[in-house]
Every structure is written in structure tokens, then in C-alpha cells.
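Engineer: Questions regarding the structure given below will be posed in turn.
Please treat every number below as a calculation from the coordinates, not as lab data. Just so you know, these numbers come straight off a predicted model, no measurement behind them. Here the Cβ is made from the backbone with ideal geometry for all residues, glycine too, and neighbour counts use every protein chain on show.
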Amino acid sequence: MQCLFRSRMSPARVPALVSVFAFALAVASSTLVAATAAAGPWTVIAEKDDPVPGVPSATFYGRSFWDVKVNDQGMVGFEGHFERPGENFETRALHVWVPGQGLRMVFEPGVTLDQDGQLVGSPIMTSMNNQGTLAFSSYAFPGFADVVHTVDLAGNAYTLAKTGDPAPGVPGQTLTVQNDPDLWLDDAGGLTFPGWVGAPFSGDEVIWRQSTTGGPLTPRVGAGAAWPTPDPSAVFSQSHPSEVRVNTRGDLAMSASGLPGASPRGLIRVPVSAATPTVLIHEGDAAPGMTNRVMDLSGRPFGGQSWLTLDDSGRAAFAAHATIPGTNLKTLGIWREKRNGNIELIAESGQPIGGEFNWAWADVLAVAANASGQTAFLVESGGGAEALYIAEADGAVRKVFETGGRAIGIDEDRDTRSLDFAPGFLNFNENGDALFRVAIAPAHGGSEEGEALYLYNTGRDAIELVIAENEELVTTDGRARPVDYFDTYFPSEQNQTTRGKMLNAAGQVALDVTFVSSRFNLDAGVYLYDPLPAVPRGDYNGNGQVEQGDLDLVLQNWGEDAPDPIAGWVAHNIGIGTIDQNELDGVLQNWGSTNAPDFRGTSLPEPMAAVTGLLMLLVARHRRLTP
């Protein structure tokens, strides 16, 4: 599979056929130089000691980049810290990088004024939409009251709701903005956020929406709303933001109590244009697609931080337990709301998926969906393996990744494992690309595990390594540095389109990264990853053409076990099984198809086809002769 990092392989792992490889490299040296000299896939957005835009002589601190987001326009927003010359305190400012225009500082606390000419305090917890507008909370003086703000690309800041303001729809009451709240900024010009009417934690919980430039505050669910719940304390949990989802249109989905009907608890969806919600399903309803089971929403997957999702068309998908009435026997399932409003079962624990036997799940770690009707989900099996599935709009489900095999793009003696801490990170875009995080087993003889981010690239139908601890990140200017740490924050913050998105519609990934050589000087930065380009089916070596090199890969690996990475195979997921007629058909049926080539990493250009065939034949003979 494709390696986007320069792996530090020990001499002991060099094959016995080194002389043959040396000969092959000599034959095609000019081609290989062109292939390996290409720049890396990471664009530098900001790094330690870079100048801060708009602040003469000021530079960014190391390890001072937070809340990195990327939108579908390719803009990267983040919080970057610096110190003004002559001052002895750190400034937490907000910055946006715009493709073709570069980096700009859009907000500086104590300097930026809001629409009323008031100074705005330091930002906490940001959100970004596709217009490049950022939302954040801060403290207002005097009294350190919590306030919600927005700032646009031009640096225009707006103060929205503030603790102590009159509560709309509830005469005589004031509102309380949650400290460090969850902020859901949409593309329709609105910001949704939680809080209380009255005192925090003891008052009625409410979800509000307000224009990004100020104006009336509208309660959407809770006290003062057109559709309040009789049990406001159970509307949602302030400590679990996974209870609420808001899409880019401003539609909202959540669990709620006090519902009318057979059961007071269920899932609701509140369209941005509607005053009252739609009840998707009640607890105790017959479980759609299952026999003799009822929905148990109170017993949702506990390890999964992202059991509920809402796509940009306004349709929900969710994971939950279903129970046999009168017993404690439960099973896990994943359901999706269809265009006709019906709730349909996508997958069930212990039941076959795509014709493959499916072990009972220990948990559902994450669910994500797009407006094209696709649903991605991460599950953990009873044996501890973690698997990523994608369900198509027509109901077909396939497994695209499972831990336990060799780590793609990393030293060949290391395997992937499930994460022990905060599993369930999953970003899913409109094209069907999925970004997920796994653990990497220690290297041979080592003791330290690492973590990696992988991307299922739908245009290549393949898994590619984005970043891994202790592997080198290579920037577009050719610099390579070993990674110490990369930040994905908490899964519940990232599995939302309106809160914290690291993966955009083009498959780009934005991260803040700290490097190994910087454990004490905190060398870090913000970077944007560009995925490998789409390739035709049958282009297994990923060079943009279906030709002899791809046929060589199939024939020389015929019958090989598919789950492990195969040398030179960088595009098109093989799935579960072996290299067989299916892969051969991919080449023969698409012979001559072309696309723009990409020579990053280990991908071989087509002039190497003859050399590839020679190498594969020699390797095959070496295998036969080796006892």
C-alpha cells in the first residue's frame, strides 16, 4: 500500500535480493529519481517561530496551536498563541488560512472590537463554517460572564448571547451561557448552542439558535421553545455533546425526554425551518428490521462517543440496543433514516454483513453519514478488533478496514490495533472518504505503541496512511521530520460537520502536529494534507494508467492473502479474500484507462513495468526456493 512517510527500516530487514534490486534501480535510475524527488503531501499553514500576520516582530509559540478545522473551501482555521514584543503575557488569537491568499489573523483579544465597540476576551472552543466564519466563547468583564461570539474573514466580530441577558420566551428569567460550550455553526448564517434559563445546572436546559451577526435569540428545544419538553432536565446532557447534532443547514437531531406518544423518551429531529420537531423513534417501539425486539435508547453504546449523526440533507443515522421484551437480552444495531422518512436497519451485531460472517460486537464506536445516502460506522468485535464499514444508499454494506493486519505505510513488522483511549474518531465526507484513528503495535523488540490516522480514499478504493507517530511527515518543500504527536481532540467534537472537522469534501486533512526532536523546545505547527488522486479501477500501482505494471502486480501476487499490504499495491482496496479473478478483471476490463499520475512515495511509474515484472518473478522464485 502507499507509504506517505519515509520509513526508517533497519539493515536487517533488507532482502537477500539486494543485488538484483540494485541492478533494477540502475537500469531505471532516472525514472526513480523523478519518482522519489517529488514533494510531500503536507502544506505548511503555520509553524513555531513563523511571523504572526498583522503583528510586527511577533512569532508563534511552539505547541500553541489548537482547535484546527478545515472547511469544504480548503480554508484552515485555528487558535494560535503568540507574545507581542515588550509584553509579558501570551495572546490567544484566531487565524484563518485561505487557499491562494495565505494566512490572516481575524481576531485578537483585547484589540478586536464587537459590533457595539466593546473589547472581546480570549477565545475558547471554536467552530468554523464554509464561509470561513469562526464561532467561540469568551469571558466578559466585569464579572467574567460567559459570552458567545462570531468573527468573519474580514475580522468583523459580533457578540451574540451573554449570561444575564433576558431569556426569550420566558418572562422574568435570564439566560446562562454554558462555560466552554459546544458551538454548532452552520452555513445558513446561524449558530446553535446550549445553556440554561435561570441558574446553571439547576435551571431549565435549552438549545438556542441565533444569527451569526446578532439579532433575536430563538430557543429551539427546551424552556421558551414552541415545543418544550415536560422533563427539561433530561433534554440533553451538558457533559455529553454527542447527545446533539447540527448539520450545515442548521437542522438539529438529539435524544430527548417528555415526548408525546407511547414512550416519553426518543430521538427527535428539528429542521431549521420548523418550530416543532419530528419524532424519529420512541424507546419501546418495535426495532425496525428485527424480529421480536424493541428499541432500548437508554442503553445506547456506552463506549461510542458518536452514536448519533445527522447528514446535510437532514436525515439521521444512529446506533442503539434492541431488547427482547421481558428479558435482558440485547443486541446492537445501526439504523438510517431514508428519504421517505422510514427508519431502516443497516447492520446488526452477529448477523452477516455483505455475505461475510460477522462476530457479535462489543460496541459501536462511531456512526457518520453523508447526504448521498452513505453511512460509515466503526465497531469493536468481542475479540477486540476494530472494523470500519461503509453502507451504500441501496443497502449494500462492505468492510473497508479491520485492525489486526499489517500497518499500511509503516514498517512491515508492525500491526494495527484498537485504541485503548478515546476510541471512535471518525470523519466522513460527501464523497465517501473516511478518516479514522488506530493504534500501531510496537516495532520488533520495542515496547512503545504509537497511533496513526488512516484515510479510506474512495477515489482510489484504498486505505492510505495520513500520519503516524514516529514516522516522518514530509512537507511540500521536501522537509521531513519524525512525528511525536498529532491532535484529533475528543471524538464527540470531531464527528460533526458543524463543530470540529478535520476532513473536508476534497479529502484534505488539517492537523496540529508536534515533532519528535522537539520534546523540550515544543516544535510544532499546523499542516494540511492532500490525498492521493483518484485512479481508474485496475490501476493498482496508482500511477494513473491501467497497463502492464498493474497486470504484473496481479499475476505475481495471484492467490496472496489480501488483508496484508502487498508491495507496490497502492490503490483499490482488495477487501477480504485473495488476489484472484476479480482483480484480473479490473485490469483487463479497464486496459488503457488513464488519469493524472501521482508519483509520491513508493508508486512506480509505468516505464518501470518491465523491471517490476522482473523483480516479481525473482521474488516468486526466491519464495519457492526458500525453505
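Engineer: Obtain the nm distance between the two label points defined at residue 372 and residue 393 by a simple spin-label model: each point lies 7 Å from its Cα along the Cα-to-C-beta direction.
Structural biologist: Spacing of the two 7 Å Cα→Cβ label points: 1.0 nm.
Engineer: Separate question: From the phi of every residue in the range 344-350, what ³J(HN,Hα) in whole Hz does the Karplus formula 6.51 cos²θ - 1.76 cosθ + 1.60 yield, where θ is phi - 60° and glycine or proline is x?
Structural biologist: Whole-Hz 3J(HN,Hα) from phi for the range 344-350: 10, 6, 8, 8, 9, 4, x.
Engineer: Spelling out what I want: for every residue of the range 545-554, take phi, set θ = phi - 60°, compute 6.51 cos²θ - 1.76 cosθ + 1.60 (Karplus), and round to whole Hz; glycine and proline get x.
Structural biologist: 9, 9, 8, 4, x, 6, 4, 4, 4, 5
Engineer: Mind checking the full-extension length gain between residue 345 and residue 101? Use 0.36 nm per residue of separation minus the Cα-Cα distance, one decimal, nm.
Structural biologist: Details: separation 244, 0.36 × 244 = 87.84 nm, distance 4.60 nm.
Net length gain for the segment: 83.2 nm.
Engineer: Tell me the net charge near residue 361. Cut-off is 12 Å between Cβ atoms, residue 361 excluded, with +1 for each Lys or Arg and -1 for each Asp or Glu. Walk me through the numbers on the way to the answer.
Structural biologist: Numbers: positive: 330; negative: 348, 363, 380, 386.
Combined, the nearby Lys, Arg, Asp and Glu give -3.
Engineer: Report the one residue of 197, 217, 149 whose Cα lies farthest in the direction of the positive end of the charge dipole of the range 94-217 (charges on C-beta: Lys and Arg +1, Asp and Glu -1; origin at the Cα centre).
Structural biologist: Final value for the positive-end residue is 149.
Engineer: Under 17 Å from the Cα of residue 48, which aspartates and glutamates turn up, not counting those fewer than eight places away in the same chain?
Structural biologist: Result set, ordered by chain and number: 67, 79, 83, 90, 477, 484, 487, 512, 523.
Engineer: Also, quick follow-up: Run through the range 321-375 and list the trypsin sites (Lys or Arg not before Pro) located in a DSSP loop whose Cβ has at most 16 other Cβ atoms within 10 Å.
Structural biologist: Working: sites: 330, 336, 338, 339; in loops: 338, 339.
Sparse-neighbourhood loop trypsin sites (Lys or Arg not before Pro): 338, 339.
Engineer: Straight-line reach from residue 338: which aspartates and glutamates have Cα under 20 Å away, leaving out those fewer than 8 places along the same chain?
Structural biologist: Output for residue 338: 251, 283, 285, 311, 312, 348, 392, 394, 430.
Engineer: Would you grab the residues whose amide H sits under 5 Å from the one on residue 417? Only those 5+ places off in sequence or on another chain, please, with H modelled 1.01 Å from N.
Structural biologist: Close amide H contacts, sequence-distant or interchain: 404, 439, 440, 441.
Engineer: Work out the length of the dipole vector of the range 305-384 about its Cα centre, built from +1 on the beta-carbon of each Lys and Arg and -1 on the beta-carbon of each Asp and Glu, and round it to the nearest 20 debye.
Structural biologist: Details: 5 positive and 8 negative charges, 40 e Å.
Its charge dipole is roughly 200 debye.
Engineer: A further question on this structure: Tabulate in residue order the Karplus-calculated ³J(HN,Hα) for the range 91-99, using 6.51 cos²θ - 1.76 cosθ + 1.60 with θ = phi - 60°, rounded to whole Hz; enter x for Gly and Pro.
Structural biologist: Per residue, the Karplus-derived 3J(HN,Hα) values read 9, 9, 10, 10, 9, 9, 9, 10, x Hz.
Engineer: At a Förster distance of 56 Å, what's the computed FRET efficiency of residue 413 paired with residue 211, Cβ-Cβ distance as r, to 0.05?
Structural biologist: Details: r = 56 Å, r/R0 = 1.00.
Efficiency at R0 = 56 Å is approximately 0.50.
Engineer: Please compute the length gained on full extension between residue 516 and residue 555, using 0.36 nm multiplied by the number of residues separating them and subtracting their Cα-Cα distance. Before the final figure, lay out the partial values.
Structural biologist: Values: separation 39, 0.36 × 39 = 14.04 nm, distance 4.09 nm.
Fully extending the segment from residue 516 to residue 555 adds 9.9 nm.
Engineer: I would also like to ask the following. Please list, in order, the residues from the range 95-111 whose amide nitrogen is less than 19 Å from a point placed 7 Å along the Cα→Cβ vector of residue 145.
Structural biologist: 110
Engineer: What does the extension gain come out to for residue 481 and residue 360, with contour length at 0.36 nm per residue minus their alpha carbon separation?
Structural biologist: Values: separation 121, 0.36 × 121 = 43.56 nm, distance 4.13 nm.
Roughly 39.4 nm would be gained on extension.
Engineer: To continue, here is another question. At a 10 angstrom cut-off on C-beta neighbours, averaged per residue, how do the peptides 347-353, 100-106 rank from highest to lowest?
Structural biologist: On the way: 347-353: 17.9, 100-106: 14.7.
Packing proxy ranking, top to bottom: 347-353, 100-106.
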